[in-house]
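K.L.:
For reference, the structure I am asking about is given below.
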Amino acid sequence: MNKIAGIVAGVVVAVGVISTAGAWYTGTQLPGVLQNAVEEANRQGQDALLGTGYAGKLELVSLETRLFTSTAHYRFSFDMPVEGDAPRHVEILLVDNIEHGPLPVSRLKRLNLWPVMAASNYALQATDFTQPWFDAAKGATPVSGQGAVGYDLSTRGTLVFAPLDFAPTPTATVKFSGMTLDFDASRHARNVVVNGSMDSLLVHLANDQGTPITAELRGLTVASDQHLGSGDFYLGDSSLMLATLQLNMGDKPAVLAKNVSQFGSLDEAGGLLGGRFGYDVGMVSYDGKDVAGMHMLWTAKNFDASAVQSLIELYRDKVAPVQHAQAANEEAPQVALTAAEEQRLKTDLEKLLSAKPQIALEKYSINTSNGEASLSLHVDLSKPASFELPQPELAKQMIAQLDAKLSIDKAVIGDGIRAQAQFNGQTDAKTIEDQAAMLTEMGSGMALGTGLLTLEGDTLKSSLHYATDKVTFNGQAMSVEEFAMFVMSKVNGVTGGVGAGNQPDGSTPGESYP
């Protein structure tokens, strides 16, 4: 028994010695670690705000270091190019109560025995500017969080936005359920994972005419898993999804959008960048009746990463001074390229186009109850013989290939007429159906009358293919010049009042163009 007690006592003493030594070590390393983190945050923030006209800066105001704990105070300054009485310069203060590792007490209480350099517990401080946020949070801290810094300088933690209930103006109220973000970042934020969610946000306000407007967002989730590529850009996936968005204006029926999402991914292989970016709206309804959904997907391939990085740096060098001047309400400097910068830009563009980049609107579609309207566009680019070529010739050489397709189900036109009648408050079902049928045929006839679309079954279609100075339009081959003349003749024919059944030369839409 005495041996066991001796062993336990020895372990306790050893843990105490290790913890004390570790806490002392953390105290000596912490100032440098925090200053490096502040500098990194400012670099990341400057890139994020580039081109917005806003400027932000984080500062470590003070650091009080003790054996087992430290207290850090931060100031975040934000400058905005605003007008009127709104504040242009805003400062927000944060306090961080830091527990030294390797075994911070707060982590031991949660039985988390993994050693870390420090545990952070930070919160927004009340000032004249932020006091309304504290009032809206009913005395709670509006923004707070916890995090842990590992000995490899990775960070992991949670950022919490408290529920808010306040009236920013006499005619507006806001109710916010709160939001939580979990983050995990490696040293220098080379790998960053963020996940978060919000239950609801409800906003009531009145427009200039006094009409009440309500916007309600529910079920927001954000997710991002990204890492730095060969340059100052992040690769990986990110998404933002909203379960419902409802708008009410006055006594009009509600507009409801379901399953709204934005998503994107970027990858790098062999020094080339490629990505996918899209937007989705599952369904929009009006007064409880479905109207339409929307899908959009863009893709990009074969973008030289080093050329992109160089163009980003050039853009940053030129835009940053303008942005800082705007934020400080000063006269912005003129943006002009030196001879060396012009040559650099030309070299970067040549390198970019040499990789034969591709840009595509894979699909943009509107889906109704009875049909779909869709558009796709693919463009392959290439390096021209010279950038000094005349504009028409330069465009021909830069566009190696282009494909475009348009497809509209006639039923979509009818669904659009029904939706418009619903918006206008019409309720007579037979009248609405008669209008839908009549205007569908009228609209289809006008579209066919332009000669730019064909009819396949019950679908209006148009297709365009371009390569090597040749155009194939709706199956007809022609030169670029002939295609331009063809389009102009059809447009002039329509605007000149030519009937839907005939063309300016007297031919019918079904006849081929010479």
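K.L.:
With everything on Cα atoms, drop me the angle between helix 339-354 and the longest principal axis of the chain, reported from 0 to 90° to the nearest 10.
P.N.:
Between helix and principal axis, roughly 70 degrees.
K.L.:
Under a Cβ-Cβ cut-off of 13 Å, what is the net charge of the residues other than Leu30 that fall near it, where Lys and Arg count +1 and Asp and Glu count -1?
P.N.:
Taking every Cβ under 13 Å from that of Leu30, the sum is -2.
K.L.:
Here's something else I'd like to know. Kindly provide the chymotrypsin sites (Phe, Trp or Tyr not before Pro) of segment 82-163 that DSSP labels as loop, not H, G, I, E or B, and whose Cβ sees at most 16 other Cβ atoms within 10 Å.
P.N.:
Phe129, Tyr151
K.L.:
Report the gain in length on full extension from Met488 to Gln35: 0.36 nm times residue separation, minus Cα-Cα distance, nm rounded to one decimal.
P.N.:
Gain in length upon complete extension: 156.7 nm.
K.L.:
From the cross-link list Lys57/Lys301; Lys410/Lys470; Lys405/Lys470; Lys301/Lys346; Lys301/Lys351, which pairs have alpha carbons spaced over 26 Å apart?
P.N.:
Lys57/Lys301; Lys410/Lys470
K.L.:
Still on this structure, I have one more. Please work out how much length the chain gains when fully extended from Asp267 to Glu342, using 0.36 nm per residue of separation minus the C-alpha to C-alpha distance, in nm with one decimal.
P.N.:
Full-extension gain reported as 24.1 nm.
K.L.:
Using the alpha-carbon atoms, what tilt in degrees (0 to 90, nearest 10) does helix 429-449 show relative to the longest principal axis of the chain?
P.N.:
Long axis of 429-449 versus the principal axis of the chain: about 70 degrees.
K.L.:
Another question, if that's okay. Taking the Cα-to-Cβ direction at Thr468 and at Asp290 and moving 7 Å from each Cα, how far apart do the two end points lie in nm?
P.N.:
Between Thr468 and Asp290, the label points sit 4.6 nm apart.
K.L.:
When only Cα pairs under 8 Å and 6 or more residues apart are kept, what is the percent relative contact order across segment 183-281?
P.N.:
Reported as a whole number, the value is 20 percent.
K.L.:
Straight-line reach only, C-alpha to C-alpha below 20 angstrom: list the aspartates and glutamates that Lys258 could link to, leaving out same-chain residues fewer than 8 apart.
P.N.:
Asp199, Glu216, Asp280, Asp287, Asp290, Glu372, Asp415
K.L.:
Take the alpha carbon gyration tensor of the chain, find the square roots of its eigenvalues, order them as a ≥ b ≥ c, and report rounded if a/c is under 1.5; if not, report prolate when a/b exceeds b/c, else oblate.
P.N.:
prolate
K.L.:
What distance in nm separates the two pseudo spin-label positions at Phe277 and Ser200, each 7 Å out from Cα along the beta-carbon direction?
P.N.:
About 3.4 nm, to one decimal.
K.L.:
Over the chain, what percent of the accessible surface lies on carbon and sulfur atoms, probe 1.4 Å?
P.N.:
Within the chain, the accessible surface is 60 percent carbon and sulfur.
K.L.:
Sticking with this structure for a sec: Excluding residues fewer than 8 places away in the same chain, name every one of the lysines whose C-alpha is closer than 24 Å to that of Lys138.
P.N.:
By straight Cα distance, Lys138 reaches Lys175.
K.L.:
Okay, moving on. What is the magnitude of the charge dipole of the chain about its Cα centre, with +1 placed on the Cβ of each Lys and Arg, -1 on the Cβ of each Asp and Glu, and no other charges, expressed in debye to the nearest 20?
P.N.:
1580
K.L.:
OK, next. May I ask which residue of Phe277, Asn474, Ser238 lies farthest towards the positive end of the charge dipole of the chain, with charges of +1 (Lys, Arg) and -1 (Asp, Glu) on Cβ and the Cα centre as origin?
P.N.:
Final value for the positive-end residue is Ser238.
K.L.:
Let me ask something else. Select from Ala300, Ala126, Val203 the residue farthest towards the positive end of the dipole of the chain; place +1 on Cβ of Lys and Arg, -1 on Cβ of Asp and Glu, and compute about the Cα centre.
P.N.:
Positive-end residue among those listed: Ala126.
K.L.:
Here is a further query. Subtract the Cα-Cα distance of Ala223 and Gln401 from 0.36 nm times their separation in residues, and report this length gain in nm to one decimal.
P.N.:
60.5 nm
K.L.:
Return the calculated 222 nm mean residue ellipticity for the chain, to the nearest 500 deg cm²/dmol, obtained by summing -39500 (n - 2.57) across DSSP H runs with n ≥ 4 and dividing by the residue count.
P.N.:
The helix contribution divided over the chain gives -10500 deg cm²/dmol.
K.L.:
What figure, in Å² to the nearest 10, do you get for the accessible area of Arg75 with a 1.4 Å probe and non-protein molecules left out?
P.N.:
Its accessible surface works out to 70 Å², give or take rounding.
K.L.:
Compute the angle between helix 2-49 and the longest alpha-carbon principal axis of the chain, please, reported from 0 to 90 degrees and rounded to the nearest 10.
P.N.:
Rounded to the nearest ten degrees, it is 40.
K.L.:
Counting only residues 5 or more places away or on other chains, whose amide H sits under 5 Å from the amide H of Ser154 once H atoms are built in the peptide plane?
P.N.:
So Ser154 has HN proximity to Arg187.
K.L.:
Would you mind getting the accessible area per residue of segment 52-201, heavy atoms of the protein chains only, 1.4 Å probe, in Å²?
P.N.:
Using a 1.4 Å probe on heavy atoms only, each residue of segment 52-201 averages 55 Å².
K.L.:
Order His73, His100 by their accessible area, 1.4 angstrom probe, all chains in place, largest first.
P.N.:
Solvent-accessible surface, decreasing: His73, His100.
K.L.:
Evaluate the relative contact order of the chain (contact order divided by residue number), counting alpha-carbon pairs under 8 angstrom at least 6 apart; express in whole percent.
P.N.:
Computed value for the chain: 7 percent relative contact order.
K.L.:
Roll a 1.4 Å probe over the protein chains and send me the accessible area per residue for segment 361-494 in Å².
P.N.:
Accessible area per residue, segment 361-494: 54 Å².
K.L.:
Taking a 1.4 Å probe, which of Trp114, Trp298 shows the most accessible area, and what order do the others take after it?
P.N.:
So the residues, ranked largest to smallest area, are Trp114, Trp298.
The values are calculated or read from the model by the stated rules, or taken from the named source; none is laboratory data. Source: prediction; values computed, not measured. We place every Cβ from the backbone using ideal geometry, glycine too, and count neighbours over all the protein chains shown. These area figures cover heavy atoms from the full protein model, side chains too; ligands, DNA and RNA do not enter into them. Shrake-Rupley method; radii C 1.70, N 1.55, O 1.52, S 1.80 Å.
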